[in-house]
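K.L.:
If you scroll down you'll find the structure; I have some questions about it.
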Amino acid sequence: MLRKIIFIFSFSLCFAEESSLFFGVDALNLRADETVYSANSSHKNRDLNGHRMGILVGYKHFFSENFALRLYGNFNYGAMSGKDSVSKNSIFVKNMNFLTHIDALYILCNCNDNNVGVYSGINFGYASYDVKNQGFVNGFDSGLNFGVRVAFSGGHSIELYRRFALAISDYTYKFQKIKMHQVDNTGIRYLLHF
């Protein structure tokens, strides 16, 4: 009897990952540029750096043993800081994003109870920046993301990813037009699949 249970358990580890819901958390490092336009001039504050934390929930559907599509949403909140290139004053920006992602996931290796895969996709949603002493910049956000994923038995996975933003959000405040552009994000995620 014990031999039969061990055989069934070992054989079940060889099956491919299945379609499922997932929930997760992420932490990321981000970089952004702020451009300030006034009546007479404009200047760019490059390399505002910061960190964000977030949550995500979604669904992945496997079409074959190695290929899946994922649809998920996430919310993250954080802050960035840097220096104004003209006045040399500090800049502090609180930031939050609500994004929807669509990814294609390809499993490279099914190795016993683990699998390793890569993914790529697009995302779009809403971004809000609270620039201290300058006002709010709100708008559409979109980007491309690429990542590497390792899934473990028991429905756990860890991902390393990179996101490159496409859209630029802008707002007029006190006769100045302010544009924010998230240049790129690098992050890590933990996901629980159920």
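The values are calculated or read from the model by the stated rules, or taken from the named source; none is laboratory data. Please read all numbers here as calculations on a predicted model, not as lab measurements. Every residue, glycine among them, receives a Cβ derived from its backbone with ideal geometry; neighbour counts consider all protein chains shown. Note: accessible area is taken over every heavy atom of the protein model, side chains too, but ligands, DNA and RNA are not part of it. Shrake-Rupley method; radii C 1.70, N 1.55, O 1.52, S 1.80 Å.
K.L.:
Out of (1) on the phi > 0 side of the Ramachandran plot; (2) open to solvent by less than 90 Å² (accessible area, probe 1.4 Å), the odd one out for Asn133 is which?
P.N.:
(2)
K.L.:
To continue, here is another question. Could you pull out the residue among Val116, Val93 that is under 15 Å from Glu159 (Cβ atoms) and assigned to a strand (DSSP E or B)?
P.N.:
After ruling out the rest, the residue left standing is Val116.
K.L.:
Of all residues being open to solvent by less than 30 Å² (accessible area, probe 1.4 Å) and in contact with a Phe, Trp or Tyr (Cβ under 7 Å, 6 or more places away or on another chain) in segment 60-69, which is nearest to Asn89 (Cα to Cα)? Just the residue, please.
P.N.:
Across segment 60-69, the extreme among qualifying residues is Lys60.
K.L.:
Taking the condition polar (S, T, N, Q), in contact with a helix residue (DSSP H, G or I) (Cβ under 7 Å, 6 or more places away or on another chain) and modelled with pLDDT under 90, does Asn112 pass?
P.N.:
Taking the combined requirement at face value, the residue satisfies it.
K.L.:
Same structure again: Can you work out which of the residues in segment 1-36 that are modelled with pLDDT of 75 or more and of a type in the set (Ser, Thr, Tyr) is most open to solvent (accessible area, probe 1.4 Å)?
P.N.:
Among those that are modelled with pLDDT of 75 or more and of a type in the set (Ser, Thr, Tyr), it is Ser19.
K.L.:
Could you please find all residues in segment 74-85 being free of Cβ contacts under 8 Å to residues at least 40 places away in the same chain and either within 13 Å of the chain's Cα centre (by Cα) or open to solvent by less than 10 Å² (accessible area, probe 1.4 Å) (or both)?
P.N.:
Once the filter is applied, which keeps residues that are free of Cβ contacts under 8 Å to residues at least 40 places away in the same chain and either within 13 Å of the chain's Cα centre (by Cα) or open to solvent by less than 10 Å² (accessible area, probe 1.4 Å) (or both), segment 74-85 yields Phe75, Tyr77.
K.L.:
Take the residues of segment 37-59 that are open to solvent by 80 Å² or more (accessible area, probe 1.4 Å) and either under 13 Å from Met180 (Cα atoms) or hydroxyl-bearing (Ser, Thr, Tyr) (or both): which is modelled with the highest pLDDT?
P.N.:
Residue satisfying both the conditions and the ranking: Tyr59.
K.L.:
Right, next: Residues that are surrounded by fewer than 18 Cβ atoms within 10 Å (Cβ to Cβ) and not in a strand (DSSP E or B): does segment 96-108 have at least one?
P.N.:
no
K.L.:
Is there any pair linking a residue in segment 153-167 that is touching a residue at least 60 places away in the same chain (Cβ under 8 Å) and within 20 Å of Asp113 (Cα to Cα) to one that is open to solvent by 70 Å² or more (accessible area, probe 1.4 Å) and assigned to a loop (DSSP other than H, G, I, E, B), with Cβ under 9 Å and at least six apart or on different chains, and which?
P.N.:
Listed by first residue and then by second, the contacts come to Ser153/Asn112; Gly155/Phe194.
K.L.:
A further question on this structure: Mind checking which residues of segment 146-194 are assigned to a loop (DSSP other than H, G, I, E, B), open to solvent by 60 Å² or more (accessible area, probe 1.4 Å) and at pLDDT below 75?
P.N.:
Result: Ile168, Lys174, Phe175.
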